[in-house]
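Note sheet for the following structure.
The values are calculated or read from the model by the stated rules, or taken from the named source; none is laboratory data. All values reported here derive from a predicted model rather than from experimental measurement. For neighbour counting, all protein chains shown are included, and Cβ atoms are generated from backbone atoms with ideal geometry for every residue, glycine included. Accessible surface is based on the protein model in full, side chains and every heavy atom, while ligands, DNA and RNA are left aside. Shrake-Rupley method; radii C 1.70, N 1.55, O 1.52, S 1.80 Å.
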Amino acid sequence: LTVAARRAITFLEQQPEVDADRLGFAGYSMGGMITALTAIDPRLKAVVPFVGGTGFKDIDFPGGIEGSSLRPQLRSPELYRNTIDASSSWPLVRCPVCFISSSNDFHAAFDRIYQSLALLPHNDWRVSTNLHANHGPGPEQWVLLNLWFDQHLKGIDQHIPPTPPSAFQVSDSQATFTV
């Protein structure tokens, strides 16, 4: 599928109405995984994996949920990790990345998003999640998709607000989370 995606990029860049210097890529669910694996293409100037595209699928979900990974189905976890898992691609991605997901998503677990972003060789990334939803963006994420591409492909400064600082504290057996 990533070979087909890269062929589509080649086709697009050859079209007279397409500016080959302003190509972006986004995909939803399995398309998010294809986005992650295609994002290594230097012709792409920005990518947005939607509820997919994280790596580390061979590791059980955080919290010790035994059997939640692909591990039982893999004949060679190391070969999978080094070729098909998105964690093999993220260190090679040079363009800006905006992960769009849902906080309760089964395909792009929240912790795996940040593990994947930690592999990027740059800090030009954002994450937006639809709270308390599973495998689907909300209206805010659709807006961010357009703002992200406008900013990175059209050069329009969208003033995408920074993620607000947050703090988590525990004192006297009381937890406080502040944004």
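For region 87-170, the square roots of the Cα gyration tensor eigenvalues, ordered a ≥ b ≥ c, give a/c below 1.5, which places it in the rounded category. Entry comment: accessible area of region 1-68 is 49 Å² per residue, from protein heavy atoms only and a probe of 1.4 Å. What do you get for Rg/Rh of region 93-138 when both radii come from the Cα atoms and Rh is the Kirkwood radius? Rg divided by Rh gives 0.99.
Can you give the extra length, in nm with one decimal, that the chain gains between residue 133 and residue 61 once fully stretched, where that is 0.36 nm per residue apart less the Cα-Cα distance? Provide the component values of the computation, followed by the final result.
Working: separation 72, 0.36 × 72 = 25.92 nm, distance 1.76 nm.
My answer for the length gained is 24.2 nm.
Pairs of Cα atoms nearer than 8 Å and 6+ residues apart set the relative contact order; for region 6-105 it is 28 percent. The share of accessible area on region 10-103 that comes from carbon and sulfur is 58 percent, using a 1.4 angstrom probe. With the cut-off at 1.5 for a/c, could you classify region 1-65 from its C-alpha gyration tensor as rounded, prolate or oblate? Judged from the Cα gyration tensor, region 1-65 comes out prolate (a/c at least 1.5, a/b above b/c). Taken along its principal axes, the alpha carbon cloud of region 1-141 reaches lengths of 52, 37, 24 Å, longest axis first.
Label sites at residue 43 and residue 19, each approximated as a point 7 angstrom past Cα along Cα to Cβ, lie 1.7 nm apart.
Centroid-to-centroid, using Cα positions, region 89-108 and region 19-69 are 5 Å apart.
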